1. Does residue 459 satisfy the condition of being charged (D, E, K, R), at pLDDT 90 or above, open to solvent by less than 70 Å² (accessible area, probe 1.4 Å) and within 28 Å of residue 403 (Cβ to Cβ)?
2. Say whether the condition of being among the aliphatic types (A, V, I, L, M) and closer than 26 Å to residue 116 by Cα is met by at least one residue in region 461-471.
3. Given the condition in contact with a Phe, Trp or Tyr (Cβ under 6 Å, 6 or more places away or on another chain) and within 25 Å of residue 434 (Cβ to Cβ), answer yes or no: does some residue in region 150-165 qualify?
4. Could you tell me which of the residues 442, 465 is open to solvent by 70 Å² or more (accessible area, probe 1.4 Å) and over 25 Å from residue 141 (Cα atoms)?
5. Applying the selection to region 32-81, what residues are touching a residue at least 60 places away in the same chain (Cβ under 8 Å), in a loop (DSSP other than H, G, I, E, B) and surrounded by fewer than 18 Cβ atoms within 10 Å (Cβ to Cβ)?
6. Need pairs with beta-carbon distance below 6 Å; first residue on the phi < 0 side of the Ramachandran plot and within region 405-417, second of a type in the set (A, V, I, L, M, F, W, C); sequence gap 6+ or separate chains.
7. Can you pull out every residue in region 1-22 that is touching a residue at least 60 places away in the same chain (Cβ under 8 Å) and open to solvent by 70 Å² or more (accessible area, probe 1.4 Å)?
8. Filter region 477-516 for residues that are at pLDDT below 90 and surrounded by 10 or more Cβ atoms within 10 Å (Cβ to Cβ) and give the result.
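The values are calculated or read from the model by the stated rules, or taken from the named source; none is laboratory data. Just so we're clear, the structure is a prediction, and the values are computed from it rather than from any experiment. Cβ coordinates were reconstructed from backbone atoms using ideal geometry, including for glycine residues, and neighbour counts include every protein chain displayed. These area figures cover heavy atoms from the full protein model, side chains too; ligands, DNA and RNA do not enter into them. Shrake-Rupley method; radii C 1.70, N 1.55, O 1.52, S 1.80 Å.
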Amino acid sequence: AETQVGNDLGSPEPLRWLLRSPFDRNVPVQLELQELLFDHVFQRLGVSSQGCVDHPIVLTEAVCNPLYSRQMMSELLFECYQVPKVSYGVDSLYSFYHNRRQNWPCSGLVISSGYQCTHILPVLEGRLDAKNCKRINLGGCQAAVYLQRLLQLKYPGHFAAITLSRMEEILHEHSYIAQDYTEELQKWRCPEYYENNVHKMQLPFSNKLLGSTVASEEKQEKRQQQLRRLQELNARRREEKLQLDQERLDRLLYVQELLEDGQMDQFHKALVELNMDSAEELQSYINKLSLSVEQTKQKILQSEVNIEVDVVDSKPETPDLDPLGSEQSLEDVESMNEFEPLFAEEQPEVEKPVAAVQPVFNLAEYHQLFLGTERIRAPEIVFQPSLIGEDQAGIAETMQYVLERYSKEQQAILVQNVFLTGGNTMYPGLKARIQKELLEMRPFQSSFQVHLASSPVLDAWYGARDWAVEYMNREEGWISRKDYEEKGGEYLKEHCASNVYVPIRLPKQAPRAAEAPSRAPGTGNPSEQA
């Protein structure tokens, strides 16, 4: 099957549950799919190469990425694409690197929230402190699924139209973070506040109601057309059956003529071919076939007469008036009028022409989604994961837990530069909510600063570009092919936006020859002897 990547898929909704991803959350785990992604990227970038990609590669990886994942990626880049050198970094740290300013400290607390995960990353003196990094397994994907569940329960009639793609669009354009979630919910209970702040989203619909705007005359005409088709089909089948029966009857009559002419040899030979034993059996078959042919001819004639009547006159004829009715006396007419109310209910009503049924409600309004408290409930899960049944801590609790692992002096340094990045941090009100949470957890009259990335989605790419341009001619941060061959695929050269390299240390086993000589019997510790 043809492999399609990214925007080549068109609408992903019909295939969403069949799509394959090389990632387990944000960690690549499938090498063959990652190779297809690289082929697609290099082809779209127009990298002209003969069996290799002769360009240095800067690649982002997950925070505290497993060594196996990095080893697999290095093996793919060096062995399959023959790249000269590669550098690995963390996307949120690249964004932090891009947004640095002259007066910014090189330390800070990076809060990165993406599609699958949210990370709290402490940075001290320009380097990531990997021991105290924390991850929350919630992001934009879980918020979209939660919003879809809420709206499908609210509007069960539009179950199929409430897709994940539309939910992601609603999250980006209509959702916001409440500064105080409980207080904001109380505001939404006010009708005036609801009317002023509710957002309406129009779903696609058709003005034609199925089965309601079709007139009775059109229905009757369709039924007549179907009846005619059935009649023609039955007539065709009867003709075919009549032809077959007639041919077999002619054959049997020919055999009977042989008997009458006295040609006994040919007669007995024909009986054997017909699988019959005697002349009586032959006569019985002839009688049955003759009767069947006559019945079929009568049915064909009757069906032709019915079709002609339907075609000639489809309107009901007016019945002839009784000639004796005019001779009825006035007294008989008055007596009939007296009994007329008794039979009024039994008289069939004259069918009135049915006009087109107009809908009693506005279709456009019926296909609208009213977004009220859903605007704040969906993005709130990163602060209260218990809303969707997750037994995890939110951003505020995790941030406080990370800060408490440092001394007061280091805490004061970290909170002076709380940096927000990632696509899931673009909700209006998120910066104010983080400031409110910090104000509640920090000591009285202590200072802190919260900064939002200039472009939370693209700053990771811009930061990687800035780093690559600045360090292109240096050896810091670049893994060459020689390093890969000598130190393995999991090797990492650290730099200001990278993970911390933790090499694999296998426990050394003591050789058997170096074991201590056995002691003489009767010597040593009595407990050991026991």
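1. yes
2. Yes, region 461-471 has at least one match.
3. no
4. Sole residue among the options that is open to solvent by 70 Å² or more (accessible area, probe 1.4 Å) and over 25 Å from residue 141 (Cα atoms): 465.
5. 56, 64
6. Listed pairs, sorted by first residue: 411/403; 414/109; 415/448.
7. Selection gives 11 alone.
8. Answer for region 477-516, where residues must be at pLDDT below 90 and surrounded by 10 or more Cβ atoms within 10 Å (Cβ to Cβ): 502, 503.
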